[in-house]
């Protein structure tokens, strides 16, 4: 996205004047400044304006604008007023992971104990940033995990893998949750710890990971499976269920039949589109000279092209697992 | 019909058909059922070893491994050596270990050199099960490589050199990069030559590993750039871009990754059509050649730049 404000240069904002004028909307605009100092000065100023400013900030949190949300959440975590806590708790369920992360941090900074329960739930988020932020905020709120299972979620959140591993069997629910992380390196870490724990309770989760989309995750899952007591004989079948990266021969054949050449383009052949264009010229030219008959003449050629595309797709080597 | 009933009726063919069932759970139960039938299921299970469906081959091998009949050893060895699917080769290696027949040792040793890490890993575990342990340093090197136990390989020193060079043939780039790194730390004339040769590897990480290892082996730095320049180019082909743009102006730009390539093509096509209607095809073609030549030259410079960026 092009940021137009960069094009014309940033105007210098006079925070003191805005504060004196009680210009809340002006100060909120200043929160969007690229200058860190201006941002926090504006936040401080809004904090000094009391409930009136807080009302506007909370109202703005209900608008649908992710970037604006992030800016206000940051200001709220600097102001540390407890009024917006319920709204911020609601934002822990936002669809944007950055907003969830920001809200988690702000709740820790504000330090209101109402946030504890929702933050504990966020330790189970699929996004590692949210888990990380929630764990630190819970620490700031003085929260102590009631049992080993919760402890595992907490240590998983702050990425203290060693501590998670030491919890043994109780860490399995937390590690299973972390296996849903989008980042393959985190998944690998969780699998390695599951292997170290070496418990039969981890088997269903590990079996799932054998069909992971990432090849290094699958390899880690094989090594961990053996330590958890899965019989080696059962691993190849689970691995064979991994998502295939192979192109579909039927699609290649179909495309080449209806739009000759595009089947090759689908297989990433650089001359695929060229054949497609040649076919268009040829069809138009033949149609002009032969009329209707041209279609019957071209049909067998299309059929051959379709068979060829199908055949070369089938013959393509499979990517190594 | 359900698996349990088929098992009780000893419906071997029915169970084999279920090895390719849509649900992996059913596949597994069918394989377990076949394995529990014992010796009578052995002969009928040998034929599915060559069926086209991977699931059926895997299931049959799982069952044969559970039955443990000596009659299945030779067919399983054949599968281990020849099957195209690595999962099938892998499960065959595991099954041979389970059956425990010493005839499987030489082919499993050969599988330590398989291109696929899962097959190598399965072969190592099977060999251990058969009571085999490495005797020579060369065997120890292949053994540790199959387990991806890099520290153990490093400790073998110079005697690991030739197995390491042999395993550079694998398709897995991370493994090749690791091998080159170890060769660099071992050193010696052969390792030195190899580290220099891998500068032509298609994978960037392997090449970089080669540069670092070459330096450590004492290859003069002045020799590296020339060697590196001989690597296969993975960037766009300059020739292809020119041909495409000369015949179908715009498609070449699309090939070079420009989003507006097809926009150019459509405009060109439209102008071509209009011109053809106004002045006829031959005149249009004569007019187009110099224009397209200019574009071809421009494409040449553009593609050169793109190729240099892509490395």
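Between residue B:259 and residue A:208, how high is the FRET efficiency from 1/(1 + (r/R0)^6) when r is the Cβ-Cβ distance and R₀ = 30 Å? Nearest 0.05. Before the final figure, lay out each step's value.
On the way: r = 38 Å, r/R0 = 1.27.
It comes to 0.20.
Highest GNM mean-square fluctuation, chain B, Cα pairs closer than 10 Å: which of B:276, B:13, B:197?
B:276
What is the packing order of peptides B:92-99, A:227-234, A:26-33, taking the mean over residues of other C-beta atoms within 10 Å and listing the highest first? Don't skip to the answer; put the middle values down first.
Values: B:92-99: 27.6, A:227-234: 17.8, A:26-33: 20.0.
With the highest mean Cβ count within 10 Å placed first, the list reads B:92-99, A:26-33, A:227-234.
If you average 1/r over every pair of different alpha-carbon atoms in chain A and take one over that average, what Kirkwood value in Å do you get? Walk me through the numbers before you get to the answer.
On the way: mean 1/r = 0.0406 Å⁻¹.
Result for chain A, one decimal place: 24.6 Å.
Cut-off 17 Å, label point 7 angstrom out along Cα-to-Cβ of residue A:250: give me the residues of segment B:17-32 whose amide nitrogen falls inside.
The answer is B:21-23, whose backbone nitrogens lie closer than 17 Å to the label point.
Going by how many other Cβ atoms sit within 10 Å of their own, how do B:42, A:122 line up, fewest first? Don't jump to the answer; show the numbers that get you there.
On the way: B:42 20, A:122 27.
Exposure proxy ranking, most exposed first: B:42, A:122.
Counting pairs of alpha carbon atoms under 8 Å apart in space and at least six apart in sequence, what relative contact order in percent does segment A:153-239 give? Show your work: numbers first, answer last.
On the way: 112 pairs, mean separation 22.3, N = 87.
About 26 percent, as a whole number.
Spin-label point model (7 Å from Cα, Cβ direction): what's the residue A:287 to residue B:286 distance in nm?
Distance between label points: 2.9 nm.
Once every DSSP H run of n ≥ 4 in chain A is given -39500 (n - 2.57) and the sum is divided by its residues, what mean residue ellipticity at 222 nm do you get, rounded to the nearest 500 deg cm²/dmol?
On the way: 21 runs with 217 residues, N = 321.
So the calculated ellipticity at 222 nm is -20000 deg cm²/dmol.
So how long is each side of segment A:153-239 along the principal axes, counting just the alpha-carbon atoms, biggest first, in Å?
Principal-axis extents of the Cα atoms in segment A:153-239, largest first: 34, 24, 15 Å.
On a 0 to 90 degree scale, rounded to 10, what angle separates helix B:73-82 from the longest Cα axis of chain B?
Helix B:73-82 sits roughly 10 degrees off the main axis of chain B.
Helix B:117-129 versus the longest principal axis of chain B: what is the Cα-based angle in degrees, 0 to 90, to the nearest 10?
20 degrees
Can you bin segment B:120-229 into rounded, prolate or oblate? Criterion: square roots of the alpha carbon gyration tensor eigenvalues sorted a ≥ b ≥ c, rounded for a/c under 1.5, prolate for a/b above b/c, oblate for the rest. Mind dumping the intermediate values first?
Working: a/c = 3.18, a/b = 1.96, b/c = 1.62.
It comes out prolate by the Cα gyration axes.
Taking only Cα atoms and a 10 Å spring cutoff, compute GNM fluctuations for chain B and point out the largest among B:80, B:277, B:34.
B:277
Add -39500 (n - 2.57) for each DSSP H run of 4 or more in chain B, then divide by its residues: what number comes out at 222 nm, to the nearest 500 deg cm²/dmol?
Values: 20 runs with 218 residues, N = 311.
The helix-only estimate for chain B comes to -21000 deg cm²/dmol at 222 nm.
Other chains' Cβ within 10 Å of A:263-274 residues: what's the mean? Mind dumping the intermediate values first?
On the way: counts 0, 0, 2, 0, 0, 0, 0, 11, 5, 1, 10, 8.
For peptide A:263-274, the averaged partner shielding equals 3.
Assuming R0 = 41 Å, can you tell me the calculated FRET efficiency for the pair residue B:21 and residue A:216, based on Cβ-Cβ distance, to the nearest 0.05? Numbers along the way, then the final one.
Numbers: r = 30 Å, r/R0 = 0.73.
Computed FRET efficiency for residue B:21 and residue A:216: 0.85.
Evaluate E = 1/(1 + (r/R0)^6) for residue B:10 and residue B:82, where r is the Cβ-Cβ distance and R0 equals 41 Å; express this FRET efficiency to the nearest 0.05. Before the final figure, lay out each step's value.
On the way: r = 30 Å, r/R0 = 0.74.
It comes to 0.85.
Rg and Dmax of chain B, Cα atoms, in Å?
28.9, 86
In nm, what is the difference between 0.36 nm times the number of residues separating residue B:223 and residue B:277 and their Cα-Cα distance? Don't skip to the answer; put the middle values down first.
Values: separation 54, 0.36 × 54 = 19.44 nm, distance 6.06 nm.
Extra length from residue B:223 to residue B:277 when fully extended: 13.4 nm.
May I ask you to sort B:301, A:276 by Cβ crowding, counting other Cβ atoms within 10 Å and putting the fewest first?
On the way: B:301 10, A:276 20.
In increasing order of surrounding Cβ atoms, one gets B:301, A:276.
Select from A:42, A:220, A:306 the residue whose mean-square fluctuation is largest in a Gaussian network model of chain A (Cα-Cα springs shorter than 10 Å).
A:306
Kirkwood Rh over Cα pairs of the protein assembly as shown into Stokes-Einstein at 10 °C, 1.306 mPa s: D in µm²/s? List each step's numbers first, then the result.
Numbers: Rh = 30.6 Å.
Using the Kirkwood radius from Cα pairs, D works out to 52 µm²/s.
Principal axes first, then extents: for the Cα atoms of segment A:11-117, list largest minus smallest coordinate on each axis, whole Å, largest first.
Answer, in whole Å and largest first: 41, 23, 22 Å.
Would you mind calculating the relative contact order of chain A from Cα pairs under 8 angstrom and at least 6 residues apart, reporting the percent as a whole number?
With pairs under 8 Å counted, the relative contact order is 8 percent.
How far is it, in nm, from the label point at residue A:315 to the one at residue B:205 when both lie 7 Å from their Cα along the line to the Cβ?
Placing both labels 7 Å along Cα→Cβ, they lie 3.1 nm apart.
Quantify how strongly other chains surround peptide A:228-235 by giving the mean number of their Cβ atoms within 10 Å of each of its Cβ atoms. Don't jump to the answer; show the numbers that get you there.
Working: counts 0, 0, 0, 5, 13, 15, 6, 7.
Across A:228-235, the average partner-chain Cβ count within 10 Å equals 6.
Relative contact order for segment A:93-155: what percent, with Cα pairs under 8 Å and sequence separation of 6 or more? Don't skip to the answer; put the middle values down first.
Working: 64 pairs, mean separation 22.7, N = 63.
Here the relative contact order equals 36 percent.
Test of understanding: ordering B:159, A:77, B:229, A:40 by Cβ neighbours within 10 Å, fewest first, what list do you get? Walk me through the numbers on the way to the answer.
Values: B:159 13, A:77 21, B:229 10, A:40 16.
With the fewest neighbours first, B:159, A:77, B:229, A:40 line up as B:229, B:159, A:40, A:77.
With angles folded into 0 to 90 degrees, how steeply does helix A:215-227 sit against the dominant principal axis of chain A? Use alpha carbons for both and round to 10.
The answer is roughly 70 degrees.
How many Cβ atoms of partner chains, on average, are near each residue of B:116-123 if near means within 10 Å of its Cβ? Present the calculation step by step, with values, prior to reporting the outcome.
On the way: counts 2, 5, 8, 1, 0, 6, 5, 0.
Per residue, the number of nearby Cβ atoms from other chains is 3 on average.
Any read-out appearing in this document is the output of simple, stated calculations on the displayed coordinates, not a laboratory observation. Everything numeric here is computed off the predicted structure, so don't read it as measured data. Reconstructed Cβ throughout: ideal geometry from the backbone, glycine too, with neighbour counts over all protein chains shown.
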